[in-house]
Amino acid sequence: MNSPARPRLIVIGGGFAGLWAVRALARSKIDITLVDRCNHHLFQPLLYQVATAGLSAPAIAAPLRHILRNQRNVQVLMAQVSGIDRTARTVTTSDGNSLSYDYLLVASGANHAYFGRDQWAKHAPGLKTLEDALMIRARILGAFERAECANDPAEARAWLNFVVVGAGPTGVELAGTLAEIARHTLRSEFRHIDPTHARVILIESGPRVLSAFEPAMSGKAQRQLEKLGVEVRLGVPVADIDADGVLLGSERIAARTVLWAAGVAASPLGAMLGAPLDRAGRVQVKGDLSLPLHPEIFVGGDLASISAKKPVPGTAPAAKQMGTYVAQVLQARLRKRTIKDFVYRDYGSLAAIGRMAAVVQMGPLRLSGFPAWWLWLAAHVFFLIGFRNRLIVLIDWAWAYFTHERYARIITTDRTSKISKAVNG
């Protein structure tokens, strides 16, 4: 007598929500297919470190197949999802394959949002993927090289002006690290320019940096940024961005390097599900993270919009909790049981600003400066996947702490050519 077929789960996205769901189902009698357009899991909270040459790409990424090599109920497919048929319960990939499912988890993350000004994207790249980080790293380092070669002082100054749009955690971390690179890492390496004269300008349309933090902590973060040499501009939205700089109100800032950290938009896969979307394009889900008319389809991570008294942030801890919760729902359903609705547990917020500068807000605990920086460092190393990754990051950070040196500063010819085309239109 044949044993009954095991239920099939397709997970789209190998980020925090998708991977945590897959790993939580390691002992379950369910066959899992994990589909991702990349072959690796990326620790996004440290992506800015790759963009600013503090870490190499392998330090914050690990192959999905390696992570899941001992989990026999999962297969990994590197593919781009092109369609989802809710009636037939199939997922189609761009190479023409059709995958059938009994359950589906869509956790494909978020993209950059330019608030209707998509033409800014080529002049102000955002930071979501390793490719983004490597391109931004080449832009930053290439700007100093261009300034060194410039014969016109005004042109050199434009190359030495760096503008970061958006003062959330990513923007604050980018701006603070850029200031450190200019004032410490590169200070004695050029002959015609003085990197310490570089301007780093952080622009935020709201009234304060790190708006998710309490006002007092935001104020401390701003003071730490300014101590590092970052110019903070608050309350004035960006009017325009082009190849030559930024229009801020009526003020024109000449800058050949502009980085975008101001907004995110949900993955376009959310629109394929036929469910209501919120203003950011996220899928509105029920309390168990499933679709209202399709209980077999779940949405997690940055793509999920949950009706709750306190909004669920688009952070790694929230995505992990959602992924683990979806696994618990599936396990309960296989046992014909139900569980309570998803409840996000806020364990606090951390943001690094620079060397020995950070802010931490965890329950009643409020820290800034050196103690917050150490806590931020310990937390991020702890949550990295794999002993090798933790060891590499610890060694790199220890070396940078004592020397201010950053050795992941290679610019390839191919990447330089792409940047020149983007900058010059």
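The values are calculated or read from the model by the stated rules, or taken from the named source; none is laboratory data. Please read these numbers as outputs of a predicted model, since none were measured by experiment. Heads up, the Cβs are rebuilt from the backbone with ideal geometry, glycines too, and the neighbour counts pull from every protein chain shown.
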Failed criterion for residue 108 (all others in (1) surrounded by 14 or more Cβ atoms within 10 Å (Cβ to Cβ); (2) of a type in the set (S, T, N, Q); (3) part of a strand (DSSP E or B) hold)
(3)
Strands (runs of 3 or more DSSP E) contained entirely in segment 275-385, each with at least 1 residues that are surrounded by fewer than 17 Cβ atoms within 10 Å (Cβ to Cβ) and touching a residue at least 40 places away in the same chain (Cβ under 8 Å)
365-368
Have a look at 321, 361, 328 and point out the one that is modelled with pLDDT of 80 or more and assigned by TED's automatic domain parsing to the domain that holds residue 212.
361
For residue 164, only one of the following conditions fails: (1) outside any loop (DSSP other than H, G, I, E, B); (2) of a type outside the set (D, E, K, R); (3) closer than 27 Å to residue 331 by Cβ. What is its number?
(3)
Picking from 268, 295, 313, which residue would you name as being more than 20 Å from the chain's Cα centre (by Cα) and not assigned by TED's automatic domain parsing to the domain that holds residue 124?
295
Boolean, residue 5 is out of contact with any helix residue (DSSP H, G or I) (no Cβ under 9 Å at 6 or more places or on another chain), over 23 Å from residue 299 (Cβ atoms) and among the aliphatic types (A, V, I, L, M):
yes
In segment 187-198, how many are surrounded by 18 or more Cβ atoms within 10 Å (Cβ to Cβ) and either closer than 18 Å to residue 163 by Cα or at pLDDT below 95 (or both)?
2
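So which residues in segment 260-271 are out of contact with any Ser or Thr (no Cβ under 9 Å at 6 or more places or on another chain), surrounded by 14 or more Cβ atoms within 10 Å (Cβ to Cβ) and not in a loop (DSSP other than H, G, I, E, B), if there are any at all?
Let us first name the residues in segment 260-271 that are out of contact with any Ser or Thr (no Cβ under 9 Å at 6 or more places or on another chain), namely 260, 263-265, 271.
In the following step, the residues that additionally are surrounded by 14 or more Cβ atoms within 10 Å (Cβ to Cβ) were identified as 260, 263-265.
Passing the criteria: 260, 264, 265.
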Those residues of segment 167-193 which are small (Gly, Ala, Ser) and part of a helix (DSSP H, G or I), in sequence order
171, 175, 176, 179, 182
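Right, residue 53: assigned to a strand (DSSP E or B), among the small types (Gly, Ala, Ser), surrounded by 14 or more Cβ atoms within 10 Å (Cβ to Cβ) and not assigned by TED's automatic domain parsing to the domain that holds residue 397 or not?
Details: assigned to a strand (DSSP E or B): no; among the small types (Gly, Ala, Ser): yes; surrounded by 14 or more Cβ atoms within 10 Å (Cβ to Cβ): yes; not assigned by TED's automatic domain parsing to the domain that holds residue 397: yes.
Taking the combined requirement at face value, the residue does not satisfy it.
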Quick test of your reading of the structure: residue 227 fulfils all but one of (1) within 30 Å of residue 319 (Cβ to Cβ); (2) outside any strand (DSSP E or B). Name the failing condition by number.
(1)
Determine which member of the set 27, 65, 69 is in a helix (DSSP H, G or I) and of a type in the set (D, E, K, R).
65
Quick check on segment 145-170: of everything there that is surrounded by 24 or more Cβ atoms within 10 Å (Cβ to Cβ) and under 18 Å from residue 50 (Cβ atoms), which residue is nearest to the chain's Cα centre (by Cα)?
170
